[in-house]
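Written out below as structure tokens is the structure these notes cover.
Read-outs: derived from the displayed coordinates by stated rules, not from any lab. Since this is a predicted model, take the numbers as computed values, not measurements. All Cβ positions, glycine included, derive from the backbone under ideal geometry; neighbour counts span all protein chains shown.
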Amino acid sequence: MQFPQALETVLETLERMRNEGARQPCASRTALEALKEASAAPRPVMEGAAPSAPKLMGHDSACPSKDQNADKLAAINERVSACVKCPNLASSRTQTVFGVGNPDADVMFVGEAPGADEDAQGEPFVGRAGQLLTKIIKAMGFARDEVYIANILKCRPDTPGSAYGNRPPTPSEMQTCRPYLMEQIDIIQPKVIVALGATAVEGLLGNRAPMHQLRGRWNSFNGTPLMVTYHPAYLLRNQAPSEKRKVWEDMMQVLEHLEKPISEKQRNYFL
Ligand code: SF4
């Protein structure tokens, strides 16, 4: 195949992958335009010299790289760590809890708010419920740092007069903090969001309904498919295998949506 034909084939393939939403290899709009120009232009061939190829791996804004996303998230984290929009939470928190994981993740898990363990460590889902979430993520075939994990609220809801226990965030606290999560989602652009528990659903979608009606269903968050499932803390309170199985079935729907192969072992898995 001649160079111009080969280039055209590459170009068509990249265009198709981009239109289908593929993220790798990363080809920016600018790179695709450069390829088009290169394939159209006459190519002088100098003796002994290979034709120079246009730059395919653009790092402009149309092609978000992992590093760029990490930098953008770090900039938001800086604002969050200085945020005092909820004065009571800002004064009672040990630190803010921004989010962790892959800045370019396909799956983003969203919970409600940090608890005591998260407030102490500065990372979401690190207590007992967090350990169960990590187990679920691994059973799905991901490492914890391959997905992204965040909460609606970045500060632990205060519990005045008590050093122990957690409380759910109020609608007004969620409304105040929500823009930070929106920015995180805009940057990461996950293929699927998993809302963990009714409070996360309320914070993301504004819906209030019993979890048995919400879970296992696909919703849309500004065009991103959103699956609702139980919060892992619920599974710690209710150890019934049937409830754990429901969460696993919800996660299999996520895997199917991502077109990830599901093994027989995974299909028969109980958390
Ligand atoms: S909960 Fe969110 S909005 Fe409120 S103080 Fe913490 S970071 Fe700021």
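Calculated FRET efficiency, residue 270 and residue 220, Cβ-Cβ r, R0 25 Å, to nearest 0.05? Efficiency computed from Cβ-Cβ geometry: 0.25.
Our estimate of slack between residue 121 and residue 88, defined as 0.36 nm per intervening residue step minus the Cα-Cα distance, is 9.9 nm.
Taking every alpha-carbon pair under 8 Å whose residues sit at least 6 apart, the stretch 149-271 reaches a relative contact order of 19 percent.
With 25 Å as the limit on Cα-Cα distance, the pairs of 138/246; 66/154; 72/246 that go past it are 72/246.
Considering the stretch 165-206 at the alpha-carbon level, its Rg and Dmax are found to be 11.1, 34 Å. The 3J(HN,Hα) values that the Karplus relation (6.51, -1.76, 1.60; θ = phi - 60°) gives for the stretch 133-150 are, in residue order, 4, 4, 5, 5, 4, 5, 5, 6, x, 10, 7, 4, 7, 8, 9, 10, 10, 8 Hz. Gly and Pro appear as x.
In this label model, residue 95 and residue 176 are separated by 2.2 nm, measuring between points 7 Å along each Cα→Cβ vector. Once you order the gyration tensor axes a ≥ b ≥ c over the Cα atoms, which shape class does the stretch 93-245 get: rounded for a/c under 1.5, otherwise prolate or oblate by comparing a/b with b/c? Since a/c stays below 1.5, the shape of the stretch 93-245 is classed as rounded. Length gained on full extension, residue 237 to residue 146: 30.0 nm, using 0.36 nm per residue less the C-alpha separation.
Rounded if a/c is under 1.5, else prolate if a/b beats b/c, else oblate: with a ≥ b ≥ c from the C-alpha gyration tensor eigenvalues square-rooted, which is the stretch 194-271? Cα axes put the stretch 194-271 in the oblate bin.
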